[in-house]
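J.: The structure follows.
Here, each number is a calculation from the coordinates, and none is a lab measurement. Note that the structure is a prediction, hence the values are computed from the model and not measured. Cβ: placed from backbone, ideal geometry, glycine included. Neighbour counts: every protein chain shown.
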Amino acid sequence: MSVASYVKRAFAGIAAAAVLLTVAACGSAGAGTAAGAAKSGDATDASSTIEVVASINQWGSVAKDLGGEHITVTNIMTKTNVEAHDYEPTAKDVARFGSAQVAIVNGADYDPWASKAAESTKATLVDAAETAGIKEGDNPHVWFSAKARTAAADVITAAYQQADPAHKADYAKLNQDWHAKENQLEAKIKNASAKTKDLPYAATESVAWYLADDLGMTDATPQGYAQASANESEPTPADIKDFQDALKAGDAKLLVLNTQESNSTTEQITDAAKQADVPVVELTEQMPAKYGDLLDWMGALVDQFATAAK
């Protein structure tokens with residue numbers, strides 16, 4: 001097992017409380033903690049910043065919130081016109097992982113190019129999906145999950161504290177501040193669930209599945225279409241008709257549309273929703289440029305779901 005893999009797995013089993021209690025109790029990294037599972041190349045100069053690279057800007061924004069002025073973040077993917085699944089990194093992208101002290105990938109086979117690039121470097125690797133126990137074959141859009149966001153945030157903090165022990169207390173405070181904002185988001189989700197709980201919805205892709213689940217919604221996407229989407233294959237004409245019929249019959253009370261993957265098929269489904277007076281929540285897979293923070297984006301989406309719920 002590589003050192004990077006060891007660190008990644010050591011971080012994945014650490015709870016938030018353990019991370020922060022360790023910071024409060026110890027002036028240096030202790031054995032058995034995320035900070036104790038360190039690599040060489042720690043930052044010892046208090047005036048330097050930690051070089052962080054994130055495969056997608058969703059996790060890059062979390063990295064920035066948790067590191068503040070002590071880190072420099074480079075996001076590889078920042079636009080909504082390409083999926084991470086299909087992204088082909090350049091030599092420059094790969095080189096950025098090589099110069100990073102902390103590398104953050106989404107995992108769950110969402111950005112395998114990033115995982116591969118990071119594992120061959122000395123960077124401490126944070127796999128967001130793995131921190132929440134989400135593995136390859138599971139829904140990879142884990143930034144929509146409150147559990148994954150929280151778990152990843154604490155592992156990122158542990159990585160910073162190890163790389164830059166001189167600012168451990170600062171990272172602990174930034175982590176606390178981030179959790180306060182995440183708690184506000186989760187309170188908003190709880191309030192919105194008064195409208196959305198048990199509401200059947202259908203989706204052109206399972207992008208927002210975790211958020212819909214946090215809102216207590218029920219996935220009513222026809223099985224054939226859902227399987228085709230999950231396998232990144234074309235749905236059959238029968239699958240499309242089943243979807244349209246489900247909207248017309250009222251089996252789905254809301255349609256979730258990933259506009260990043262719009263095509264003639266999704267247009268047929270959207271038209272059926274409009275004809276059946278089914279509200280449509282439009283979203284993208286990557287974080288839109290108008291949002292500089294993942295939690296702000298999630299909050300805006302919660303508002304959209306609450307407004308669309310009938």
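J.: Take the alpha-carbon centre of the range 129-163, take the same for the range 48-73, and report the distance between them in whole Å.
T.: About 15 Å separates the Cα centre of the range 129-163 from the one of the range 48-73.
J.: Oh, and also: In terms of modelled amide H atoms, which long-range or inter-chain residues lie less than 5 Å from the amide H of residue 256?
T.: Under 5 Å from the amide H of residue 256 lie the amide H atoms of 202, 203, 204, 281, each far enough along the sequence or on another chain.
J.: On the Cα set of the range 60-137, report Rg and Dmax in Å, please.
T.: Over the range 60-137's Cα set, Rg and Dmax evaluate to 12.3, 36 Å.
J.: Let me ask something else about it. Please order 193, 55, 233, 99 by the number of other Cβ within 10 Å, starting at the fewest. Before the final figure, lay out the partial values.
T.: Values: 193 19, 55 29, 233 9, 99 12.
In order of increasing Cβ crowding within 10 Å: 233, 99, 193, 55.
J.: Under 30 Å Cα to Cα from residue 197, which lysines show up? Leave out anything in the same chain fewer than 8 places away.
T.: Hits, sequence-local ones excluded: 135, 147, 181, 188, 241, 248, 253, 274, 290, 310.
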